[in-house]
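Asks: Handing you this structure, nothing more for now.
Every number in this text was worked out from the coordinates using simple rules, so none of it is lab data. Since we're looking at a predicted model, the values are computed, not measured. Cβ sites come from the backbone with ideal geometry, for glycine too, and all protein chains shown count toward neighbours.
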Amino acid sequence: MYQISRSIYRELEAEIVEDRQWIDGPSNHEKVLRACEAAVHRLTTDRHYFARPSRTLFNDIRAFFPMSSQLHVYRVVDRYLSFASDYLATRPTAVLELTGVKQECRATTRKGTPCQRMPLPHNGYCPSHQHLAETEEVALAA
Ligand SMILES: [Zn+2]
């Protein structure tokens, strides 16, 4: 999964505008790479609360590219992040394999403790809490 952030960066790095070399601190190249890594990390670990990954990453990095590159930047970002998102949504064990962190259901039990059952990958709730995912979709659509 972390290859994805590097792939995004590699496809875009030639177009990055670097106009502050004389200032201390991270270069624009480094800022773009860090933003890609942060977006992929968030997508991997917090996908269900990350509503528009492509738009978010694009907004984070677009300032480092010339006007003529904006559409290409968005397309590259969207292609890789959509791929990553589909991958995570269709492979229940992907997050565990990638992060070593076991995914748990997003719901809270009646006792107020987190539900620890294995969630379904497409919405992050276990089979007995699927109704919460439906409520959420209604709330989003409203
Ligand atoms: Zn549950």
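Asks: Considering all alpha-carbon pairs of the chain, what whole percent are spaced by more than 24 angstrom?
Replies: Across the chain, Cα pairs with separations above 24 Å total 42 percent.
Asks: Explain nothing, just the number: relative contact order of the range 15-142, from Cα pairs under 8 Å at least 6 residues apart, as a whole percent.
Replies: 17 percent
Asks: Kindly state, to the nearest 0.05, the FRET efficiency for Gln130 paired with His29, given R0 = 41 Å and r defined as their beta-carbon distance.
Replies: About 0.40, to the nearest 0.05.
Asks: Going by alpha carbons, how many degrees (0 to 90, nearest 10) lie between the helix axis of 70-90 and the longest principal axis of the chain?
Replies: 30 degrees
Asks: At 0.36 nm per residue, and after removing the present C-alpha to C-alpha distance, how many nm does the segment from Glu97 to Glu18 gain when stretched out fully?
Replies: 24.8 nm
Asks: Report the relative contact order of the range 102-142, percent, no decimals, based on alpha-carbon pairs under 8 angstrom and at least 6 residues apart.
Replies: Reported relative contact order: 31 percent.
Asks: Okay, moving on. Would you be so kind as to identify which of Gly124, Ser54, Ala39 lies farthest towards the positive end of the dipole of the chain, taking Lys and Arg as +1 and Asp and Glu as -1 on Cβ and the Cα centre as origin?
Replies: Gly124
Asks: With each label point set 7 Å from Cα along the Cα-Cβ vector, what nm distance links Ser7 and Arg117?
Replies: With each label placed 7 Å out from Cα toward Cβ, I get 3.4 nm.
Asks: Let me ask something else about it. Suppose every K and R has +1 on its Cβ and every D and E has -1 on its Cβ; what is the size of the dipole of the chain about the Cα centre, in Debye to the nearest 20?
Replies: 480 debye
Asks: May I ask for the distance between the Cα centers of the range 9-70 and the range 119-133, given as a whole number of Å?
Replies: The range 9-70 and the range 119-133 have Cα centres separated by 32 Å.
Asks: R0 = 22 Å: FRET efficiency of Arg42 with Thr90, Cβ-based, nearest 0.05?
Replies: Given R0 = 22 Å and the Cβ-Cβ separation, E is 0.70.
Asks: Per residue of the range 48-57, what does 6.51 cos²θ - 1.76 cosθ + 1.60 with θ = phi - 60° give for ³J(HN,Hα)? Whole Hz please, x for Gly and Pro, Karplus curve as stated.
Replies: So the Karplus estimates, Gly and Pro as x, are 6, 10, 10, 6, 10, x, 5, 5, 5, 5 Hz.
Asks: Starting at 0 and stepping by 10 Å, how many percent of the alpha carbon pairs of the range 53-117 end up in each bin?
Replies: Whole-percent P(r) values from 0 Å outward: 18, 30, 26, 18, 7, 1.
Asks: If I measure Cβ to Cβ between cysteines in the chain, which ones have no partner under 4.7 Å?
Replies: Cys36
Asks: So, one more: Note the angle between two axes, namely the Cα long axis of helix 28-46 and the longest principal axis of the Cα atoms of the chain, as a number of degrees from 0 to 90, rounded to the nearest 10.
Replies: With both axes taken from Cα atoms, the answer is about 10 degrees.
Asks: Taking only Cα atoms, what is the 0 to 90° angle, nearest 10, from helix 130-141's long axis to the longest principal axis of the chain?
Replies: 50 degrees
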